[in-house]
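To start, the structure itself, in structure tokens.
The values are calculated or read from the model by the stated rules, or taken from the named source; none is laboratory data. On a predicted model such as this, the values are computed, not experimentally measured, just so you know. Using ideal geometry, Cβ is built from the backbone for each residue, glycine included, and neighbour counts are taken over all protein chains shown. These area figures cover heavy atoms from the full protein model, side chains too; ligands, DNA and RNA do not enter into them. Shrake-Rupley method; radii C 1.70, N 1.55, O 1.52, S 1.80 Å.
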Amino acid sequence: MAVLPINEIFRDYVVDGVPSSGAHKPRKVDIRDTLNVTGTHTFPGAGAIPRSISVNLNKFPTPDDYGADPTGVADSLAAINAALVANDIVYVKDTASYKASGAIPLSRIGHALLGDGNGQGSITSTSLTANLITLANGISSMKVGGLSLLRSVVPTAGIGVACLGSTDRSELFDLHIEGQYIGLQTSTCDEGRISRVTSKKNILDGWLATCEVAYGAAQWEVNDILLAQNGRDGVRAQSVLGSAGMILGTWNSLKTFGNTGRGVILLGSATTPVFDMRLNNPFIGSDGTTGIYIDAYGGKHVITGGFIERCGMDPTGPAYATPASNNAPGVQIAGNETNAITLVGVLIDNNSLVGIRSASGQLSMAGCQVLNNGLALVAGQRSGISIDGGSAAIVGGKSGNTGGGTSQQYGVAIGVDAVTMAGVDLKNNAVLPVFKGVTLTAANSSLAGNTPITPNTSDFPYRIEGTATFDPVSLADGAGVTTTVTVTGAALGDMAMASFSLATSGITITAWVSAANTVSVRFQNETAGVLDIASGTLKAWVLK
């Protein structure tokens, strides 16, 4: 039986006695035969080649339809670009593995290059310098998703997916990006989305976020992005001179791991600050030089929940070949912030240097757990929280060692008279719950309701201490011997006391601060006889 064309089956009028559709329904057998027919179809545009109709029903065109080699032997750049020139949506099959010697541009509204999202359909760049996929400046609503984007050479430039300017309402999703110079670069948008993206083992950054000179909004909404083993930073948000300021979007479930530089870094300038990082439930782990580094000249950054751990403690980089730096705080806030930085319910633990160091801005912490930091045992870098500048309000939570750990010396080290702290568990720090490098005044600071008690003014002296093993020589009547004990934070003019772990049989002990961080202790025999006491533990206290 002859196969009828669709227009014949679904005709709307009577011709030559053949009934129309309507009261006289089309016959199922005719519909079935027509839809099962084999034949050819050619998509529009230069370079298109015919393919089977039975394969094409309800499908988007693929690069194969324009002569691409899905085995990855031949260069498919021209075929992929021909398909994109002719079609708004081009589909990459999960069995395809294309090679591309240059850039693949998306250049009009709604333009999309899509795969199945299972990580099997791939495009591999063979260029040392070219971007792989670019989204044109000034175009909205483009999409790249469901692909693996790779590179077969070690590049000296070239981005995996590059948004070349303002690309509002565009979406990047279900992408695996690997081996690029920079994995992903985004720029200005009021509304854009990045979802389920992995960017790893790139020469520089997993994700470089910038803005346009004319407009600083870079409000990409991020959901589930992994930035791992990159040669520089996981995500680097860096403003561009000229805009009034770079404004970031909401980043949910952002994960960094094993990046040689920082997991997250915000870089602004005095004329173009970076504002409004909203980081929800991140995992920042084992990054090389800092977990989160903020030098943004702005503020209004909020970190809610999540983990920041083991920074500087493990090998990093694309091959895990860069040794552990042993030189990384969990969070570092540089001396240029002018506004609020808030951490709520964040766990900061087991970092090589301090848990969080803040040199400026208005730091607020609520319910954070800052544990076992300072693992590299670097002098002056073993506090849970170090307030070097700006101001700080710390409420609830804990800052101390757990499980018998001794790496964290101080729960909080205070270097500025602008600290409010209440209800914080400061037990189990190796030296002191609080180290004060300045005198706190009731007008500017308040330490209340913490455990143990941490009074806040010079009217209520606070004790710091140090210990040493000492064996006094045999002392004749009228003779004495002097030794020293290191007490970090001691200063000339502070009051000092000392004690010995053994009975002194009448030997008197006196102590005084003789130099910065040093207490001298004198053992004097005035008993009219010779005394020789054994070796013991000498403890020196200094009242601040």
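A few remarks follow.
- Amide H contacts under 5 Å for Ile247, placed H, 5+ residues apart: Ala217, Ala218, Phe275
- Calculated [θ] (222 nm, deg cm²/dmol) that DSSP helices of n ≥ 4 give over the chain, each run adding -39,500 (n - 2.57): -1000 deg cm²/dmol
- The calculated FRET efficiency for Leu543 paired with Val302, based on their beta-carbon distance and R0 = 35 Å, is about 0.35.
- For Lys93, the aspartates and glutamates whose Cα comes closer than 18 Å to its Cα, not counting residues fewer than 8 places off in the same chain, are Asp64, Asp65, Asp69, Asp75, Asp116, Asp174.
- For the stretch 224-239, putting each phi into the Karplus relation 6.51 cos²θ - 1.76 cosθ + 1.60 with θ = phi - 60° gives couplings of 6, 10, 10, 10, 9, 6, 7, x, 10, 10, x, 10, 10, 9, 10, 6 Hz, in residue order, rounded to whole numbers and with x for Gly and Pro.
- Under 5 Å between amide hydrogens, built in the peptide plane, is the criterion, and for Trp512 it picks out Ser520 among residues at least 5 positions away or on other chains.
- Backbone HN-Hα couplings from phi across the stretch 280-287 [Karplus 6.51/-1.76/1.60, Hz, Gly and Pro as x]: 10, 6, x, 10, 10, x, 6, 6
- Cα shape, the stretch 216-276, gyration tensor, a/c 1.5 rule: oblate
- Hypothetical label at Val213: residues of the stretch 249-286 whose amide nitrogen lies under 15 Å (7 Å Cα-Cβ projection): 272
- Potential lengthening of the chain between Asp425 and Tyr320 amounts to 34.1 nm, from the contour at 0.36 nm per residue minus the alpha-carbon distance.
- Antiparallel %, DSSP beta bridges [both residues in the chain], to 5: 20 percent
- Sequence of Glu309, Glu526 from largest to smallest accessible area, 1.4 Å probe: Glu526, Glu309
- For Ser446, residues with placed amide H under 5 Å, excluding near neighbours: Val419, Thr420, Met421
- Check: the chain dipole with +1 on Lys, Arg Cβ and -1 on Asp, Glu Cβ, in debye: 420 debye
- Relative contact order computed over the chain (Cα-Cα under 8 Å; 6+ residues apart), in percent: 5 percent
- Between helix 77-86 and the chain: long-axis angle, C-alpha atoms, 0 to 90°, nearest 10: 70 degrees
- Residues Trp251, Trp512, ordered by accessible area of protein heavy atoms at a 1.4 angstrom probe radius and largest first, appear as Trp512, Trp251.
- Karplus-derived 3J(HN,Hα), 6.51/-1.76/1.60, for each residue of the stretch 378-383, Hz, glycine and proline x: 8, 4, x, 10, 10, 9
- Solvent exposure of the chain, expressed per residue, is 40 Å² of accessible area, with all protein chains present and a 1.4 angstrom probe.
- For Ser391, net neighbour charge (Lys/Arg +1, Asp/Glu -1) across residues whose Cβ lies under 14 Å away: -3
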